[in-house]
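The values are calculated or read from the model by the stated rules, or taken from the named source; none is laboratory data. Only a predicted model underlies this, so the values are computations on that prediction, with no experimental measurement involved. Reconstructed Cβ throughout: ideal geometry from the backbone, glycine too, with neighbour counts over all protein chains shown. Accessible surface is based on the protein model in full, side chains and every heavy atom, while ligands, DNA and RNA are left aside. Shrake-Rupley method; radii C 1.70, N 1.55, O 1.52, S 1.80 Å.
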Protein chains: 2
Amino acid sequence: MNISELAQHLGVAVSTVSRVLSGNAEKYRISEQTVRRVQEAAEKFQVVPDPLGAGLRRGKLGMIGLLVPDITNPFFSTMARAIELRFRETGIAVQLCDSAEDTDTELLLLTKLLSRRLDGLILAPVGKVSDGLKKAISDSSMPIVLLDRLLPGIDAPSVSLDNRKAGALAAAHLLDAGHRRLGCLRGDPGAVSDRERIEGVQEVLRERGFESDDLVIAGEGYTREESLAGAEKLLSASDRPDAIISLSGQGVLGVLEVSRRLGLSIPSDFSLLAFDEQPWSALMQPPLTTIAQPIEAMAEKAAALLNVTLKDPKSVGQQESAVFEASLCERESVAKK
Amino acid sequence: MNISELAQHLGVAVSTVSRVLSGNAEKYRISEQTVRRVQEAAEKFQVVPDPLGAGLRRGKLGMIGLLVPDITNPFFSTMARAIELRFRETGIAVQLCDSAEDTDTELLLLTKLLSRRLDGLILAPVGKVSDGLKKAISDSSMPIVLLDRLLPGIDAPSVSLDNRKAGALAAAHLLDAGHRRLGCLRGDPGAVSDRERIEGVQEVLRERGFESDDLVIAGEGYTREESLAGAEKLLSASDRPDAIISLSGQGVLGVLEVSRRLGLSIPSDFSLLAFDEQPWSALMQPPLTTIAQPIEAMAEKAAALLNVTLKDPKSVGQQESAVFEASLCERESVAKK
DNA sequence: TTCGCTGGCGCAAACGTTTGTTCCCTCCTA
DNA sequence: TAGGAGGGAACAAACGTTTGCGCCAGCGAA
């Protein structure tokens, strides 16, 4: 039953029912009695305004999009959950999409989402900017918030980690522990966040007077196979680094697998410092020292930023961007020399 | 730009544009020339039919819902990804919701999804059936496919594991290895799947002449805290079981954490057999012996079942249900006595 | 010339809302 | 008693599609 049938049944106008059900009864001075009658009947017959009709009329759907690179990664799934919860409180639905760390899929999904009349979009990009991506975003008028990995050249409110600082934090910790040769396992070479983390590492190295070839970098992507290949390159080299930083949450699994295969043990053969705290980080042997991101806080900030724009469309572009700080979670995978 | 503006621009009727853009040009005998003209213009101005308008007219949105109990669990996130991929190929969007293993949230989200004019719904329930849930589902005319944990009393096509057999598989493996006292860490006591797995275990125990108190069961839910409490109960008992089966993917983390806290080591102090293969299962110390489910196959089957109903609405209720088999993934967390 | 047929396309209704405007009625005041 | 004020609710347009039906032109046949 829809609201016009309900109206007919009650002998009132559709508009009256609509106003009551969408909470605008007072604004349009519907009498208390009528309000009650309508509400009771709506309750009884389980009538809710069809979001499609409402969306069509209002010009939006009461739904936002969330596009993440890998829902399988606890980092993003935790964020997704937090974001959905925030928006549920506002009565806004969240449509979640997964680009599987693939830029083509990402662009495809993005254009699909942009054409879907959503109220807004939270985008956690794969990380590489293509012209298509840039154009798709700037051509659209949909409010967008960028999350985690930023996109240079695209100005939208964003939520991210201070990656440079996080990289510096990691490097400083390893250097303080007495390590000399560092290895970084990155995800995608094109991804900004990884690049910034590496820059942070390099900065500390430079400050402390190390040579540039005291840092070796490997890794071509975020998938399992690519992580394995990168880890292999780092660990089986003749001049194996004595400490490895995994720049992504997935990478660490690759390092652990290869390390086991090569019969190396942590931290006696090499130290391991992993970005992203995972449910199992503390349960590994040895428990992993990690760089933790304030996941929930970041997710909520992203939701909050988007909400501001939704509530007040004029404020587009006036949003500040939020930068969060990583923290070191010290366990036992880094040796003190 | 919408299709009526495009029509005006081209000097043709909206209906013509609509027919071309929705691929019904032949059916309505639009000339090749007109088709080309429309397509080119649509391409040029980036015009796609508004899904809202279309949805309103058609009575559906081209979108299905997917409700899972915990998107943070790799089991469900892997499924979610597979399902989304399948439907993307059909041009159908997927709206993902997470009930956070909470039945109230589940019911709330379910009613929301049901009122949202979706084409269909894939429901991976928390596992407990409430009257509200039952009523909500049977009152609605939306095609539904049940996934993973079934709901007795609700007849809908479903995809699930042969849980009884999986439980038997687990028990047999442990008994074969010479263990005598078994402990089960379950998730929710009300969940059907866990119950069936336990029944499978009990069956094997009975067949081989064990007493009923050779099996001890603990666990009150799927959250981290509940897992910890359950594991604590099992592991710190004076007559600690010599083998533990974790019935859920989350549970095993609880067992590992408590085990470490108590200074126990696996498999010398107790053996561990965990349901659900995880990315890190093989990387634990010791590598975990697991019961693996064919996640992707199950997800695709669920998508296929729903697709049949979407394509042919008359076939509602004529769907068979699919049952999959678990397999044992032998590693080193089960001792041979 | 008239008729029927067919290819090609336009007309207009319908989907279910929301919301600016109008209308009616009652009550109060002058 | 007339005029105004204001509360309460109905009217109707608009949102962007899809689709059954009808219209028109052209062509071949009678």
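Kindly state which helices (runs of 4 or more DSSP H) lie completely within segment A:71-164 and contain at least 1 residues that are among the charged types (D, E, K, R) and surrounded by 19 or more Cβ atoms within 10 Å (Cβ to Cβ). Break it down stepwise before answering.
Values: elements: A:74-90, A:103-114, A:131-139.
Here the list reads A:74-90, A:103-114.
If you check B:R240 against the conditions, is it open to solvent by 20 Å² or more (accessible area, probe 1.4 Å) and within 30 Å of A:V258 (Cα to Cα)?
Numbers: open to solvent by 20 Å² or more (accessible area, probe 1.4 Å): yes; within 30 Å of A:V258 (Cα to Cα): no.
Spelling it out, it is not the case that B:R240 is open to solvent by 20 Å² or more (accessible area, probe 1.4 Å) and within 30 Å of A:V258 (Cα to Cα).
Any idea which of A:G209, A:G263 is at pLDDT 95 or above and surrounded by fewer than 21 Cβ atoms within 10 Å (Cβ to Cβ)?
A:G263
Go through (1) in contact with a Leu (Cβ under 8 Å, 6 or more places away or on another chain); (2) touching a residue at least 60 places away in the same chain (Cβ under 8 Å); (3) within 25 Å of A:V129 (Cα to Cα); (4) assigned to a helix (DSSP H, G or I) and name the single condition A:G200 misses.
Answer for A:G200: the failing condition is (2).
Could you grab me the full set of residues in segment A:174-194 that are under 24 Å from A:T223 (Cβ atoms), open to solvent by less than 10 Å² (accessible area, probe 1.4 Å) and outside any helix (DSSP H, G or I)?
Scanning segment A:174-194 gives A:L182, A:G183, A:C184, A:L185, A:G187, A:A191.
So, in segment A:6-48, of the ones that are near DNA strand C (Cβ under 10 Å from one of its atoms) and touching a residue at least 40 places away in the same chain (Cβ under 8 Å), which residue ends up nearest to the other protein chains (Cβ to nearest Cβ)?
My answer is A:V47.
Which of the residues that make up segment B:30-54 are in a helix (DSSP H, G or I), surrounded by 11 or more Cβ atoms within 10 Å (Cβ to Cβ) and either more than 9 Å from DNA strand D (Cβ to nearest atom) or at positive phi (or both)?
Selection gives B:T34, B:V35, B:R36, B:R37, B:V38, B:Q39, B:E40, B:A41, B:A42, B:F45.
Please list, ordered by first then second residue, the pairs with beta carbon atoms under 7 Å, 6 or more apart or interchain, first in segment A:49-62 and more than 7 Å from chain B (Cβ to nearest Cβ), second buried (at least 18 other Cβ atoms within 10 Å of the Cβ) and outside any helix (DSSP H, G or I).
Taking only residues 6 or more apart or on different chains, the pairs are A:K60/A:R117; A:K60/A:D119; A:G62/A:I92; A:G62/A:A93; A:G62/A:D119.
If we keep just the residues of segment B:55-70 that are open to solvent by less than 10 Å² (accessible area, probe 1.4 Å) and not in a strand (DSSP E or B), which is farthest from B:V126 (Cα to Cα)? Give the steps one after another, and end with the answer.
Filtering segment B:55-70 for residues open to solvent by less than 10 Å² (accessible area, probe 1.4 Å) gives B:55, B:63-69.
Okay, now just the ones that are also not in a strand (DSSP E or B), so B:55, B:69.
On the way: B:G55: 30, B:P69: 5 Å.
Step by step, filter segment B:55-70, then rank; the result is B:G55.
What tally of residues in segment B:7-29 results from selecting those that are β-branched (V, I, T), near DNA strand D (Cβ under 10 Å from one of its atoms) and open to solvent by less than 60 Å² (accessible area, probe 1.4 Å)?
3
Within segment A:131-155, which residues are more than 14 Å from chain B (Cβ to nearest Cβ) and modelled with pLDDT of 90 or more?
Answer for segment A:131-155, where residues must be more than 14 Å from chain B (Cβ to nearest Cβ) and modelled with pLDDT of 90 or more: A:D131, A:L133, A:K134, A:P143, A:I144, A:V145, A:L146, A:L147, A:D148.
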